[in-house]
Amino acid sequence: MSTISGFPTAIGCAMIYGGPVGTHQVPGSLKPGDTLLSVEHITAGAPPTRVDRTAEFTVSATAGGVIENDTTDTTGDWLHVLWSSKED
């Protein structure tokens, strides 16, 4: 987590392997109640491409370090996850 001067909450970000529809582990301090700011689906290529999939993902309501997706299989690609967290 890091803080940005003037921004009211801490910000976390991670680049993770994509996977099948379901849950995805996110390193860092993502926890239930945090707010997803962005989930981008990154496909390798020359140049790499990105698709905003934020609306398809949610932060798990019960498990820390987990986002959930019930729409798109991202196996073989990457996900860039950005979230906001109120410090406890």
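Brief remarks on what is shown
- Stretching the chain fully between T75 and L36 yields a gain of 12.0 nm (0.36 nm per residue, less the alpha carbon separation).
- GNM flexibility winner over the chain from G33, G12, G45 (Cα, springs under 10 Å): G45
- In this label model, S84 and F7 are separated by 0.9 nm, measuring between points 7 Å along each Cα→Cβ vector.
- Highest-fluctuation residue, V21, V39, V66 considered, GNM on the chain with Cα pairs under 10 Å: V21
- Residues with amide H under 5 Å from that of A10, placed H, sequence gap 5 or more: S85, E87
- Candidate values (i) 6.0; (ii) 7.0; (iii) 6.7 were compared with mean projected area of the Cα convex hull in nm² computed on the shown model; the agreeing label is (i).
Read-outs: derived from the displayed coordinates by stated rules, not from any lab. Treat the numbers as computed from the prediction; the structure is a model and nothing was measured. Positions of Cβ are generated from backbone atoms using ideal geometry, with glycine treated the same way; all protein chains shown enter the neighbour counts.
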